[in-house]
Amino acid sequence: MNDALTAARERAAGHRRRFEARFAAYFDSLTDPAGGALQTPPHGAFPARALDLVRELSLRGGKRLRVVLLYEAAALVTGEEVGGLQEAAVAIELLQTHGLIHDDIIDDAPLRRAGPSTYYAYRDQFPERPDTALALALLAGDLAAFLSARVLLTAALPPACALEMAAVHADAAAATVTGQILDLERDFHPDPGLELLHTVTEFKSTRYSVLAPLRLGLLAAGADPAAHDGELRAYATALGTANQIHDDWLDLFGDPARLGKPCGTDLRSGRRSYAVRALLAAANPSERAFLDAALADRSFGEDTLERVRAIARAHGVDRALQGDARRHAQRAERQAAAWRGRWRQEAVAFFEHLPAWSVARDH
C-alpha cells in the first residue's frame, strides 16, 4: 500500500513539473515578438501590466490538483500520449487564476500564494485611485477567463472534440460563478444548513476542480464521460467536499507559511464555512457571543484567533472537522475502487489513494 501511495505521489509530482514548464511556455507564446498568439494594443502600458500580473499569479504555484486529475483521467483509458491534455490543463488553470483574482477582490485579500494578490498589486500601484485599482483587477480576472476559453477553441484538435471540451469548460466556469454568487448569499444565513454548504462547495469548487478535469481527460482520451456521469459525479462530490472541509480546517489551524496567506480569513470575512458552522453549533452562549463579534470584525488580531482556536479545541471541533473530511474521502476512495477491472489499474489506484492524501496535506 505504501509503495502504491508513493508511486501515486510521484506520478502527481511528475504531472506538476511538466505542466509548470508548459504553462510558462504558453505565456511566452502569447507575446512572442515573432508572432505571438495574443494581439495587444500597440500603445499604453496597462494591457501589458495586466497580462504580466495574470502570468505572475498563474505561475506562482498552487496544488495543481486539476492538472493531475486531467492527466490521470486520460490514463484511466490509455497509457499512450493524449493530445489536448496540455491545452485543457492550461485552460483549467487559467480559469483558476480568474477565480483567484476575483475571489481576492470579493474578500479584500492582500495575499495569495505567498505573494500579493492581483487586487493589492494594483492598490499598491495606484494608492490614490482605488476605483482604478479595482477596475483593473476585475479586468485582469476577465482577461484570464477569456484566455482560458480561447485555449481549447484554438487547440490543434479534431473540431468535434475541441467543441465538446470547450463546452465542458464553459459549463464548469458558469457553475463556478453561480457558486460564488450562492457563496455570498450563504453568509446572509446566520446558521446555514449542511445541504446549503454542500451545494456551495459543489458549484463553487467541485464542478470545475474535480468533475470538469475528469470529463476533459476522458474526452481527450476518446472516451464518453456521459456514459459514466453518475459515478464521476459521486467521486467528484465526495472528493470536493472532503477537500473543502479540510481547507476550512487549514484556514483555522494551518501554518500561514505553508498556506501562503494568513489563517482566519473565513472568520474575518464573516464566511459561514464548514468550520465556522461547526464552531457556532458547539459554542455555549458566551462563546457564541464572542464568535459573533469576531465574525463582525474584519480586522481582529492574533489573540482573537487564538481564542477561537481554543474554543474549537475545547469542543472537539478540530477533530470533528478532520473526521468529516476523512469520511468524505473514504466515500471517494470506495467509488474509485469500483472502477477496478474496467479501467487501467495504475490510474484507478491513483484515484483510490488521492482522497486520503488530499485530506492529509498541509497547504
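Can you give the charge dipole size of the range 248-341 about its Cα centre, rounded to the nearest 20 debye, using +1 on the beta carbon of Lys and Arg and -1 on the beta carbon of Asp and Glu? Before the final figure, lay out each step's value.
Numbers: 17 positive and 13 negative charges, 103 e Å.
Its charge dipole is roughly 500 debye.
Kirkwood-based Rg over Rh for the chain (C-alpha set), two decimals? Can you show the working numbers first?
Values: Rg = 20.9 Å, Rh = 21.4 Å.
Ratio of gyration radius to Kirkwood radius: 0.97.
Any idea which of 281, 316, 299 is furthest toward the positive side of the dipole for the chain, if Lys and Arg beta-carbons carry +1 and Asp and Glu beta-carbons -1?
Projecting each Cα onto the dipole axis, the largest value belongs to 316.
Restricting attention to the range 160-231, which chymotrypsin sites (Phe, Trp or Tyr not before Pro) occupy a DSSP loop and are surrounded by at most 15 other Cβ atoms within 10 Å? Mind showing how you got there, number by number?
Numbers: sites: 188, 203, 208; in loops: 188.
Loop-located and lightly packed - 188.
In terms of the Cα gyration tensor, with a ≥ b ≥ c the square roots of its eigenvalues, is the range 91-131 rounded because a/c is under 1.5, prolate because a/b exceeds b/c, or oblate? Display every interim value, and only then the final one.
Working: a/c = 2.26, a/b = 1.94, b/c = 1.16.
Judged from the Cα gyration tensor, the range 91-131 comes out prolate (a/c at least 1.5, a/b above b/c).
Only Cα pairs under 8 Å and at least 6 apart count here; give the relative contact order of the chain as a rounded whole percent.
Values: 461 pairs, mean separation 66.3, N = 363.
Here the relative contact order equals 18 percent.
Tell me the net charge near residue 6. Cut-off is 15 Å between Cβ atoms, residue 6 excluded, with +1 for each Lys or Arg and -1 for each Asp or Glu. It would help to have the intermediate numbers written out before the result.
On the way: positive: 9, 11; negative: 3, 10, 346, 352.
Neighbour charge sum, excluding residue 6 itself: -2.
Rounded to the nearest 500, what is the chain's calculated 222 nm mean residue ellipticity when only DSSP H runs of at least 4 contribute -39500 (n - 2.57) each, over all residues?
Numbers: 17 runs with 255 residues, N = 363.
One gets -23000 deg cm²/dmol as the mean residue ellipticity at 222 nm.
Go through 189-200, 349-360, 322-333 and give me the packing order, highest mean Cβ count within 10 Å leading.
Working: 189-200: 14.7, 349-360: 20.8, 322-333: 19.3.
Taking the mean over residues of other Cβ atoms within 10 Å, the ranking is 349-360, 322-333, 189-200.
Quick check: convex hull over the Cα atoms of the range 94-163, volume per residue in Å³, rounded to an integer?
Working: hull volume 6.5 nm³, N = 70.
Residue-normalised Cα hull volume stands at 92 Å³.
Peptides 43-53, 61-71, 250-260, 139-149: what's the order by average Cβ count within 10 Å, highest mean first? Write out the running numbers ahead of the final one.
Values: 43-53: 14.1, 61-71: 22.3, 250-260: 15.9, 139-149: 19.9.
Averaged packing, sorted descending, gives the order 61-71, 139-149, 250-260, 43-53.
Using only the Cα atoms of the range 229-360, build the gyration tensor, take square roots of its eigenvalues as a ≥ b ≥ c, and label the shape rounded, prolate or oblate: rounded if a/c is under 1.5, else prolate if a/b is larger than b/c, else oblate. Working shown, then result.
Values: a/c = 2.99, a/b = 2.43, b/c = 1.23.
Here the range 229-360 falls in the prolate category.
Could you size up the charge dipole of the chain around its Cα centre, putting +1 on the beta carbon of Lys and Arg and -1 on that of Asp and Glu, and report it in debye to the nearest 20? Walk me through the intermediate numbers first.
Details: 42 positive and 48 negative charges, 130 e Å.
It comes to approximately 620 debye.
Values quoted throughout were computed directly from the atomic coordinates according to the rules given, and no laboratory measurement underlies them. On a predicted model such as this, the values are computed, not experimentally measured, just so you know. Backbone-built Cβ (ideal geometry, glycine too); neighbour counts: all protein chains shown.
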